[in-house]
Amino acid sequence: MVDRLFSDPGLAELYDTLCAGPLRAARDDFGFYLPYVMSASTVLDIGCGTGELLHMARESGHTGRLCGLDPAEAMLGQARRRRPDVEWVLGEPGSAGWQGEFELVVMTGHAFQVFVEDEQLRSSLAAIRTALTADGRFAFETRNPAARAWEHWVPENEVELADPRGGVLRSRHEAEPPVGDTVTFRQTLTGPRWDVPQSSVSTLRFLGEGELSSFLSEAGLTAAEQFGDWDGRPLTDDSPEIITIAVRS
Ligand SMILES: C[S@@+](CC[C@H](N)C(=O)[O-])C[C@H]1O[C@@H](n2cnc3c(N)ncnc32)[C@H](O)[C@@H]1O
């Protein structure tokens, strides 16, 4: 089941505002991925959400096939409204049955971490491999568990954002202690547009580099390149991110 943050149209409408944060910052991850997208003529963005990366690709002059896949209709609704010249498909990696069609499959915004169960992860990776052309690439990131990002997901780190409709939105996270390699957390939004706080509970998986490599290998994929952060620095034990460019083995 998709988290309420993505399935509720009123919250999905705020997704890009929440990602941009209080400083309305450009997303470093998109700066990293955009050149990969621009150099591939066929691109599938899995867990595309509001489709910001593919919007950027079209705006930057991409003329090939761009396809965004997401199981949350509310997020795709945001994507479709802005950009009808991209294929927006409702579903999960296995549901569309694409075979050998995409030079690049990308997953951004830590969408890869939604694959919490082993079977879900295995079947998703198998479907991604099948969707790739013979020399296609799968580019994605997962937060490095060693960096313990969830320790910052505490109410004291609440942020204030300007609501596009006016007024101030407040967003806070409260993470539960990890269970195995998963972390469950609640995101709560308050602001003048609601009478009561709006909450969404999510669970994400934090795979280490070794386990990730095993799942990739089992699916017939190999990490061709790995980076530790969005400036392209090498992956180290304490890098915040495990950014992987995988190819078919
Ligand atoms: C944190 S958002 C990332 C959105 C976008 N990729 C970005 O970078 O902003 C995670 C997205 O994953 C989607 N999602 C949830 N479960 C999924 C699944 N099983 N397969 C693919 N996408 C999924 C959600 O609906 C949501 O749009």
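Which of the following residues is away from the ligand (no atom under 13 Å from the Cβ), open to solvent by 10 Å² or more (accessible area, probe 1.4 Å) and assigned by TED's automatic domain parsing to the domain that holds residue 242: 87, 73, 117, 52?
Working: 73 fails: away from the ligand (no atom under 13 Å from the Cβ); 117 fails: away from the ligand (no atom under 13 Å from the Cβ); 52 fails: away from the ligand (no atom under 13 Å from the Cβ).
Criteria check complete, one pass: 87.
For segment 3-20, a tally of residues being within 8 Å of the ligand (Cβ to nearest atom), surrounded by fewer than 19 Cβ atoms within 10 Å (Cβ to Cβ) and under 11 Å from residue 200 (Cβ atoms) returns 2. How about segment 119-132: which of its residues are in contact (Cβ under 8 Å) with a residue 24 or more places away in the chain and out of contact with any Lys or Arg (no Cβ under 9 Å at 6 or more places or on another chain)? The answer is 122, 123, 124, 125, 126, 127, 128, 130, 131.
Here residue 187 clears all of (1) more than 15 Å from the ligand (Cβ to nearest atom); (2) under 25 Å from residue 77 (Cβ atoms); (3) not aromatic (Phe, Trp, Tyr) except the condition numbered (1).
You will find that of 61, 100, 47, the residue that is within 11 Å of the ligand (Cβ to nearest atom) and either modelled with pLDDT of 95 or more or over 21 Å from residue 13 (Cα atoms) (or both) is 47 and no other. If you go through segment 186-208 one residue at a time, do you hit one that is open to solvent by less than 50 Å² (accessible area, probe 1.4 Å) and farther than 30 Å from residue 8 by Cβ? Yes - at least one qualifying residue is present in segment 186-208. Against the criterion of being within 9 Å of the ligand (Cβ to nearest atom), open to solvent by less than 50 Å² (accessible area, probe 1.4 Å) and either in contact (Cβ under 8 Å) with a residue 24 or more places away in the chain or of a type in the set (Val, Ile, Thr) (or both), residue 29 qualifies.
Beta carbons closer than 7 Å, at least 6 apart along the sequence or on distinct chains, pair a first residue in segment 194-211 that is part of a loop (DSSP other than H, G, I, E, B) with a second that is open to solvent by 30 Å² or more (accessible area, probe 1.4 Å) for 197/190; 206/143; 206/145; 206/181; 207/181; 208/145. Look at (1) touching a residue at least 24 places away in the same chain (Cβ under 8 Å); (2) under 18 Å from the mean Cα position of the chain (by Cα); (3) outside the structural domain of residue 230 (by TED's automatic domain parsing) and you find that residue 93 fails only one, number (3).
Being touching a helix residue (DSSP H, G or I) at 6+ places or on another chain (Cβ under 8 Å), crowded, with 16+ Cβ neighbours inside 10 Å and small (Gly, Ala, Ser) is true for just one of 109, 94. Which residue is that? First the steps, then the outcome.
On the way: 94 fails: crowded, with 16+ Cβ neighbours inside 10 Å.
Going through 109, 94 in turn, just one is touching a helix residue (DSSP H, G or I) at 6+ places or on another chain (Cβ under 8 Å), crowded, with 16+ Cβ neighbours inside 10 Å and small (Gly, Ala, Ser): 109.
Those residues that are within 13 Å of the ligand (Cβ to nearest atom) and either closer than 29 Å to residue 157 by Cβ or out of contact with any helix residue (DSSP H, G or I) (no Cβ under 6 Å at 6 or more places or on another chain) (or both), I need them from segment 32-43; list them, please. The answer is 32, 33, 34.
Looking at segment 133-150, which of the residues that are touching a residue at least 24 places away in the same chain (Cβ under 8 Å) and outside any strand (DSSP E or B) is most open to solvent (accessible area, probe 1.4 Å)?
Just the residues of segment 133-150 that are touching a residue at least 24 places away in the same chain (Cβ under 8 Å), to begin with: 133-147, 149-150.
Add one more test, that the residue is outside any strand (DSSP E or B), and what stays is 144-147, 149-150.
Values: 144: 13, 145: 33, 146: 61, 147: 41, 149: 25, 150: 28 Å².
Here the residue is 146.
Got a sec? Which of 188, 142, 133 is among the β-branched types (Val, Ile, Thr) and under 19 Å from the mean Cα position of the chain (by Cα)? Let's see the steps before the verdict.
Numbers: 188 fails: under 19 Å from the mean Cα position of the chain (by Cα); 133 fails: under 19 Å from the mean Cα position of the chain (by Cα).
Going through 188, 142, 133 in turn, just one is among the β-branched types (Val, Ile, Thr) and under 19 Å from the mean Cα position of the chain (by Cα): 142.
If you go through segment 151-167 and keep only what is free of Cβ contacts under 8 Å to residues at least 40 places away in the same chain and either of a type in the set (Val, Ile, Thr) or more than 19 Å from residue 10 (Cβ to Cβ) (or both), you end up with 151, 152, 153, 154, 155, 156, 157, 158.
The values are calculated or read from the model by the stated rules, or taken from the named source; none is laboratory data. Computed from a predicted model, the values in this text were never measured in an experiment. Positions of Cβ are generated from backbone atoms using ideal geometry, with glycine treated the same way; all protein chains shown enter the neighbour counts. Only protein heavy atoms, including side chains, enter the accessible area calculation; ligands, DNA and RNA are left aside. Shrake-Rupley method; radii C 1.70, N 1.55, O 1.52, S 1.80 Å.
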